[in-house]
Amino acid sequence: MTFFQLSLTLIFVLIPILLSKTFRLGLEKDVLIATIRSIIQLLAVGYVLQFVFDSESFFYIFLMIILIITAAVHNARKKGVMIKGITWKLILTYCFIEVLTQSVLISLKIIPATAQYMIPISGMIIGNAMVLSILFLNRFTAEIENRAGEVELLLSLGGTPKQAIHRQLMTSIRASTIPTIESQKTIGLVQLPGMMSGQIIAGADPVQAVMFQLLILFMLLSSAVITSIILGFLSYPTMFNERMQFMTHTPNKTE
């Protein structure tokens with residue numbers, strides 16, 4: 001695809017802008033901002049990745065993965081401001097997922113230890129973990145706010161913090177993983193996944209494309225469950241003080 005052909009695809013941006021003006025939806029500014037940002041960000045990433053791929057340096061691979069994790073943490077931490085130390089909890093969770101995934105893939109020789117494989121897979125895994133952590137934090141904070149009285153009642157009856165918050169924690173973990181599990185049930189029937197479609201369009205063997213897509217799906221499923229569980233069990237103790245009293249607080253934004 002040439003830059004001229006790419007510019008022709010802007011017709012798909014003009015359509016929602018015209019519809020927004022026609023029906024007075026007020027989406028024109030947001031659509032333009034989203035379009036401009038996506039163009040700048042993706043082209044910049046494309047040139048950076050080309051440099052990293054050509055250099056074949058593990059140092060640059062490491063920097064790219066750090067950048068991915070940093071961006072994910074910055075985005076997800078906004079949903080967990082009431083949880084003390086949420087930034088470090090997210091960093092620990094994402095780093096664990098990244099190390100676990102890459103260790104399994106490289107040690108079993110499923111993929112080679114090159115930038116071409118490691119960086120895109122890292123982006124998919126961390127991106128999925130970010131979405132899952134946002135879903136978990138949204139549900140967990142809502143459960144805490146709505147069921148604070150239940151937690152305090154269980155504590156007053158002699159329950160431990162883990163027992164008092166168990167129901168809210170398990171509900172939040174299940175709720176955050178349901179979208180990933182449900183979407184995988186209809187893969188190939190309702191939609192062709194993005195990675196598989198991209199490989200087929202690029203001329204890859206459809207069977208090989210399916211095999212790589214299954215690899216990604218299995219990793220996303222594993223990272224979804226692990227992310228929610230780790231983040232959940234790191235988060236709930238901060239809702240109680242040293243006297244096992246339930247606290248609802250809003251830490252400093254620097255946490």
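The values are calculated or read from the model by the stated rules, or taken from the named source; none is laboratory data. Fair warning: this is a prediction, and the values are worked out from it, not measured in the lab. Neighbour counts run over all protein chains shown; Cβ positions are idealised from the backbone, glycine included. Keep in mind that these areas ignore ligands, DNA and RNA; they rest on the heavy atoms of the full protein, side chains included. Shrake-Rupley method; radii C 1.70, N 1.55, O 1.52, S 1.80 Å.
Points worth noting:
- Residues whose amide H comes within less than 5 Å of that of F240, counting only those at least five positions distant or on another chain, are M247 (H built at 1.01 Å from N in the peptide plane).
- Dividing the summed -39500 (n - 2.57) terms of all DSSP H runs of n ≥ 4 by the residue count of the chain sets its mean residue ellipticity at 222 nm at -25500 deg cm²/dmol.
- Sparse-neighbourhood loop sites, trypsin sites (Lys or Arg not before Pro) in the range 42-125 - DSSP loop, at most 11 other Cβ within 10 angstrom: K109
- The long axis of helix 206-235 is offset from the longest Cα principal axis of the chain by roughly 20 degrees.
- When the charge dipole of the chain is built from unit charges on Cβ atoms (+1 for Lys and Arg, -1 for Asp and Glu) and taken about the Cα centre, the candidate among M82, L67, C95 whose Cα reaches farthest toward its positive end is M82.
- A full extension of the chain between T186 and Y47 corresponds to an added length of 46.6 nm, given 0.36 nm per residue minus the alpha carbon distance.
- Each residue was assigned an accessible area with a 1.4 Å probe, and for L135 the value is about 70 Å².
- In sequence order, the range 127-139 has phi-based couplings of x, 5, 4, 5, 4, 5, 5, 5, 4, 5, 5, 4, 6 Hz under the Karplus curve 6.51 cos²θ - 1.76 cosθ + 1.60, θ = phi - 60°, and Gly or Pro positions carry x.
- Rg over Rh, two decimals, the range 42-159 (C-alpha only, Kirkwood Rh): 1.14
- Percentage, to the nearest whole number, of Cα pairs in the chain over 25 Å apart: 57
- Sites L92 and H166, calculated FRET efficiency, Cβ-Cβ separation with R0 25 Å, nearest 0.05: 0.70
- Rounded tilt (10° steps) of 58-76 against the dominant C-alpha axis of the chain: 50
- The mean sequence distance of close C-alpha pairs (under 8 Å, at least 6 residues apart), as a share of the length of the chain, puts its relative contact order at 25 percent.
- About its Cα centre, the dipole of the chain is roughly 540 debye, where the only charges are +1 on Lys and Arg Cβ and -1 on Asp and Glu Cβ.
- For the range 1-25 versus the range 47-72, the spacing of their alpha-carbon centroids is 32 Å.
- Positive-end extreme of charge dipole, the chain - chosen from Q50, S156, G198 (charges on Cβ): S156
- Phi-based couplings in Hz for the range 93-108 (Karplus 6.51, -1.76, 1.60; Gly and Pro marked x): 5, 5, 5, 5, 4, 5, 5, 4, 5, 5, 5, 5, 5, 7, 5, 8
- Rg/Rh for the range 1-97 (Cα atoms only, Rh after Kirkwood) is 1.12.
- Residue-by-residue Karplus 3J(HN,Hα) for the range 27-42, coefficients 6.51, -1.76, 1.60, Hz, glycine and proline x: 9, 4, 4, 5, 5, 5, 4, 4, 5, 5, 5, 5, 5, 5, 5, 6
- Principal-axis analysis of the Cα atoms of the chain puts helix 161-185 at an angle of about 20° to the longest axis.
- Mean accessible surface per residue for the chain, computed with a 1.4 Å probe while every protein chain stays in place, in Å²: 61
- Simple label model, 7 Å out from Cα along Cβ direction - A71 to S103, nm: 2.6
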